[in-house]
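See below for the structure under consideration.
The values are calculated or read from the model by the stated rules, or taken from the named source; none is laboratory data. Everything quoted here is computed from the prediction, not taken from an experiment. In this analysis, Cβ positions are derived from the backbone assuming ideal geometry, glycine residues included, and neighbour counts consider all displayed protein chains. Please note that ligands, DNA and RNA were not included when accessible areas were found on the heavy atoms of the full protein model with its side chains. Shrake-Rupley method; radii C 1.70, N 1.55, O 1.52, S 1.80 Å.
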Amino acid sequence: MGIAESFPKRYEPKEIEKKWQDEWDRQKIYQFQPNSSKPIFSIDTPPPTVSGRLHIGHVFSYTHTDMISRYRRMTGHNVYYPFGYDDNGLPTEILTEKVTGVKSYQTDRKKFRELCLETAKTYSQMFRDLWKAIGFSCDFDSAYSTISPLAQRISQWSFVDLHKKGKLERRREPALWCTNCATSFAQAEIEDQNIAGKFVHIPFAVDGKDPLIVATTRPELLSACVAVFVHPEDDRFKSYAGKKAKVPFYEHEVPILTDEKAQMDKGTGVVMCCTFGDVTDIQWWRQYKLPLREAISKIGKMTEIAGPLKDLKLSVAKEKIIELLKERNLVLKILDIPAETRVVNTHERCGTPVEFLVQLQWFIKAVEAKKELIEVGRGIHWHPEFMRHRYENWVENLSWDWAISRQRTYGVPIPAWYSEDQKHTHIADVSELPLDPTESKPKVKPPSGDWIADPDVLDTWATSSVTFLINAKFGLAEERKNFLPMSMRPQAHDIIRTWAFYTILKSYYHFGAVPWKDIVMSGHVKKSAAPPVIGSQIAGQTFAKKTKISKSKDGEAFAPERILERHSADAIRLWAAGASLGIDILFDENGIQDADKFLNKLWNATRFALLNLDSFSPKEKYISNHLVDQWILSRLSQIEAHYHKNWEQFEIHGAKVELDKFFWIDFCDNYIEFIKWRCLSPDPSISEPAKQTLYRVLFKLISLYAPLTPHITEEIYHLYFKAFAKVPSLHLVELEENKSVPSEPALEAGKNLIGVIGLVRSYKSKNQLAFKTPMEKLSIAGPEKQIQMLKPLAEDIRQFAQATTVEFVGSADSSFFEQEFEGIRILPQINPQVLDELRQRKAGTVTP
């Protein structure tokens, strides 16, 4: 059976993609080989947070990582491409509560953890099924979970080691607090939102003076007021400094102090300091040693000191105190603050406004090492480079140490115990890890009483920040010491302040080194006002312009599983490859549709090309002397150099753009058309060079596209090329560096040839002639240098133009020629009888 019979006419992606995904798994094509002599390329793959269904934005960024892994595998590397699941901590706990309807405080700790593990297992399998369906070349045998014993041991080791190094301490102080999630959180988890508010003008009585008017957005915190501040240079209030003011409604007296942080031009210029309404309140509390009045509980209700507001939620308490103040004529006026002018810090997990509660928390010292952390960051190659500046801006503006305690149930336990008087702390020994302090006790006894286990768990980032050590199997007998630093960290730009920063901090404190050589940033897929998918059940739904897709809110609307029902995995991959590093894009399903069309073009072009390779055997390193072959090989050499240069910089989009141009224009539009006649020639001296070159270029093309479109290229490889290459998978074929130097004369000749052919096409199109319309003679005129380049290609031009003869004339004789390309002109001569017949046929007066 020849190629024409064995190569299907239609490409059927649904069948082919599933077939190869299963086959890659069966043959373990992508398994890491620990004993290989090849250079290792290790990837610190982002473990997706188990907090809900994945959306197309996740596929977008994770596909970039897979493409890079495939490219590195095909360029001679032993690729370690693991997959992980970030299934410990607050996000998974919140998901479990949502899925099961059971709140963590409604059941015992052990039972709730079991529910969390069951939820994590279900969603982790969903993640794995999706990655496989997209064609990811992960070594799933290396998959890890951040709640696994290995991850818990390494996370707890990090805690113990940082404590020994003096980089970790437990202290009671104001911490960022989410009243919805009922836990502290880190500065990196703050998200700014525009939320409308009100300036409530309230008079504070001062003996012997006019009242001080405070304009506040937090009247519910009056019971927590501990001082009033004015600017030291504000002439309006200089006589008030050092006196006492009486807090409205609550009647307790507070000092009137001066500080430059009180803004004269904001509100009334008088600021009440509460414990705590914002960061400035905390700074003043510390600086002036003010008393502590705690008015907000851990679950966002007012405490006993709030009097009649006790047990009211904050939003209700705000309205209630305004009502009570109005009854006593203590509200002078209320001014609305539009959302666009008011920025509120919120918890990024749930959007709840930040509060500041005093808690005993564990903190990793970060502020004291800002200078060093910037220098360590400069030891990593950032792609794109401007992302390093984002990292440095974050570090420079860091004002809080990293609070790693979380007052939740599910997560990695903090390996510590405290004496009953809280004066003594016992940290577990490394040899005891992993452990849960609530289920065991230290062998040593406390000075008095008994040990109390730390009830908190570690921030999920405290574990995610040691993924590079989890990948290296740190501390195990089979530890991979050659993994440090790892080759690459791929991640989205929004978690520079969390995942990148925390990992760099941990690596610096533990080892004084960088965790990876390169960090590669992907952008986000954003939703627009248009419906996100074509023909879906949500076609009438609208979306805010250019906003980030939410896993919790938009999961179904942008579900990859739904998109995969309409498009091939390779098409989704090609769409993902269409964005530059670190740049956000709008989701547009038309782009995926275009990619589907490209796949059909690749299939059809390959089939068409292979029809010319029946009864053909490739010769290793065969080089044709034909100028057209020299041209396409020179163009291929240029494209390969550009392709590899971009891949080495992780610029997938840059590599794809030029490759696409080569495929569509040089290969499909021109080269295949140029060599048809040669491939069909019975003379081996004419056909053999064309076939050898066609084989070489086509094989290289599918190899270059393999990292982007693994399924269709694997199918093409097995249908034809495997018989000659003798390698089990195209993805194990090495993309050898093309060291051939492009031929400038061949490139110039090819450019002129394409120009002449373009003139022929244009002429026939302009005159409404079929492309195959024969011509008696084609005359070509132009500068002597170009004519001399074209003369060796006379037969190629004649065959392509369907001309009986081709003649070359001097430039002086070309003034009557109508067409032109950079000084080259043509004059086609077509038999008048042929033209008449064609016109009559078009008019319907002649039967063909």
Practice prompt. Tell me which of these residue 208 doesn't satisfy, since it passes every other one: (1) at pLDDT 95 or above; (2) more than 21 Å from residue 301 (Cα to Cα); (3) over 34 Å from the mean Cα position of the chain (by Cα); (4) not hydroxyl-bearing (Ser, Thr, Tyr).
Written response: (1)
Item to complete: Six or more apart or on different chains, Cβ under 6 Å: which pairs go from a residue in region 103-115 that's within 18 Å of residue 436 (Cα to Cα) to one that's open to solvent by less than 100 Å² (accessible area, probe 1.4 Å) and among the small types (Gly, Ala, Ser)? Could you list them?
Response: 112/104
Worksheet item: Does residue 605 satisfy the criteria of being in contact with a Leu (Cβ under 6 Å, 6 or more places away or on another chain), hydrophobic (A, V, I, L, M, F, W, C) and either within 17 Å of residue 716 (Cβ to Cβ) or part of a helix (DSSP H, G or I) (or both)?
Response: no
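If a residue counts only when it is of a type in the set (A, V, I, L, M, F, W, C) and closer than 20 Å to residue 124 by Cβ, which helices (runs of 4 or more DSSP H) contained entirely in region 1-76 have at least 2 such residues?
Numbers: elements: 3-6, 13-27, 56-74.
Where helices (runs of 4 or more DSSP H) fall fully within region 1-76 and carry at least 2 residues being of a type in the set (A, V, I, L, M, F, W, C) and closer than 20 Å to residue 124 by Cβ, they are 56-74.
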Worksheet, complete the sentence: Filtering region 560-595 for residues that are within 12 Å of residue 59 (Cβ to Cβ) and in contact with a strand residue (DSSP E or B) (Cβ under 7 Å, 6 or more places away or on another chain) leaves a count of 1
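I need the full set of residues from region 772-794 which are open to solvent by 10 Å² or more (accessible area, probe 1.4 Å) and either in a loop (DSSP other than H, G, I, E, B) or free of Cβ contacts under 8 Å to residues at least 40 places away in the same chain (or both), in order please. So that I can check it myself, show each step before the final result.
First, pick out the residues of region 772-794 that are open to solvent by 10 Å² or more (accessible area, probe 1.4 Å): 772, 774, 776-777, 783-786, 788-789, 791-792, 794.
Passing the criteria: 772, 774, 783, 784, 785, 786, 788, 791, 794.
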Practice prompt. Would you be able to tell me the number of residues in region 710-738 that are under 26 Å from residue 631 (Cβ atoms) and of a type in the set (S, T, N, Q)?
Written response: 2
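Is there a residue being without any contact (Cβ under 8 Å) to a residue 60 or more places away in the chain and closer than 30 Å to residue 708 by Cβ anywhere in region 85-96? Before the answer, list the steps.
Of region 85-96, the ones without any contact (Cβ under 8 Å) to a residue 60 or more places away in the chain are 95.
When the remaining residues are screened for being closer than 30 Å to residue 708 by Cβ, the result is none.
Within region 85-96, not a single residue is without any contact (Cβ under 8 Å) to a residue 60 or more places away in the chain and closer than 30 Å to residue 708 by Cβ.
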Discussion item. From the list 316, 354, 270, exactly one residue is out of contact with any helix residue (DSSP H, G or I) (no Cβ under 8 Å at 6 or more places or on another chain) and closer than 30 Å to residue 507 by Cα. Which is it?
Written reply: 354
Worksheet entry | Test set (1) within 29 Å of residue 595 (Cβ to Cβ); (2) of a type outside the set (Ser, Thr, Tyr); (3) in a helix (DSSP H, G or I); (4) in contact with a Phe, Trp or Tyr (Cβ under 9 Å, 6 or more places away or on another chain) - residue 727 fails condition number | (3)
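A quick yes/no check of all residues on (1) among the aromatic types (Phe, Trp, Tyr); (2) farther than 26 Å from residue 135 by Cα; (3) assigned to a helix (DSSP H, G or I):
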{"position": "561", "(1), (2), (3)": "no, no, yes"}
{"position": "570", "(1), (2), (3)": "no, no, yes"}
{"position": "581", "(1), (2), (3)": "no, no, no"}
{"position": "615", "(1), (2), (3)": "no, yes, no"}
{"position": "618", "(1), (2), (3)": "no, yes, no"}
{"position": "643", "(1), (2), (3)": "yes, no, yes"}
Worksheet, complete the sentence: The condition of being open to solvent by less than 30 Å² (accessible area, probe 1.4 Å), without any contact (Cβ under 8 Å) to a residue 40 or more places away in the chain and at negative phi holds, among 259, 265, only for 259
Discussion item. Take the conditions in contact with a helix residue (DSSP H, G or I) (Cβ under 7 Å, 6 or more places away or on another chain) and either assigned to a loop (DSSP other than H, G, I, E, B) or hydrophobic (A, V, I, L, M, F, W, C) (or both) and apply them to residue 321. Does it pass?
Written reply: yes
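Quick one: in region 679-688, which of the residues that are open to solvent by 20 Å² or more (accessible area, probe 1.4 Å) and in contact with a Ser or Thr (Cβ under 9 Å, 6 or more places away or on another chain) is nearest to residue 638 (Cα to Cα)? Spell out how you get there, then give the answer.
So in region 679-688, the residues open to solvent by 20 Å² or more (accessible area, probe 1.4 Å) come out as 680-686, 688.
Still in the list and also in contact with a Ser or Thr (Cβ under 9 Å, 6 or more places away or on another chain): 680-681, 688.
Values: 680: 28, 681: 29, 688: 24 Å.
Among them, the one singled out is 688.
Being surrounded by fewer than 17 Cβ atoms within 10 Å (Cβ to Cβ) and out of contact with any Cys (no Cβ under 6 Å at 6 or more places or on another chain): is that true of residue 165 here? Quick ask: steps written out before the conclusion?
Numbers: surrounded by fewer than 17 Cβ atoms within 10 Å (Cβ to Cβ): yes; out of contact with any Cys (no Cβ under 6 Å at 6 or more places or on another chain): yes.
Considered against the rule, which asks whether it is surrounded by fewer than 17 Cβ atoms within 10 Å (Cβ to Cβ) and out of contact with any Cys (no Cβ under 6 Å at 6 or more places or on another chain), residue 165 comes out as yes.
Among the residues of region 689-711, is any open to solvent by 50 Å² or more (accessible area, probe 1.4 Å), over 30 Å from residue 131 (Cβ atoms) and free of Cβ contacts under 8 Å to residues at least 60 places away in the same chain? Don't jump to the end; show me each part of the working.
Taking region 689-711 and keeping what is open to solvent by 50 Å² or more (accessible area, probe 1.4 Å), we get 696.
If we keep only those that are over 30 Å from residue 131 (Cβ atoms) as well, we get 696.
If we keep only those that are free of Cβ contacts under 8 Å to residues at least 60 places away in the same chain too, we end up with none.
For region 689-711, residues open to solvent by 50 Å² or more (accessible area, probe 1.4 Å), over 30 Å from residue 131 (Cβ atoms) and free of Cβ contacts under 8 Å to residues at least 60 places away in the same chain: absent.
I want to confirm something. Restricting to region 75-128 and keeping residues that are of a type in the set (D, E, K, R) and open to solvent by less than 20 Å² (accessible area, probe 1.4 Å), which single residue is farthest from the chain's Cα centre (by Cα)? Before you say what the answer is, go through the steps one by one.
Pass one, region 75-128, residues of a type in the set (D, E, K, R): 86-87, 93, 97-98, 103, 108-111, 113-114, 118, 121, 128.
If we keep only those that are open to solvent by less than 20 Å² (accessible area, probe 1.4 Å) as well, we get 86-87, 93.
Numbers: 86: 16, 87: 19, 93: 24 Å.
Here the answer is 93.
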Practice prompt. Of all residues in region 494-527, count the ones that are free of Cβ contacts under 8 Å to residues at least 24 places away in the same chain and buried (at least 19 other Cβ atoms within 10 Å of the Cβ).
Written response: 0
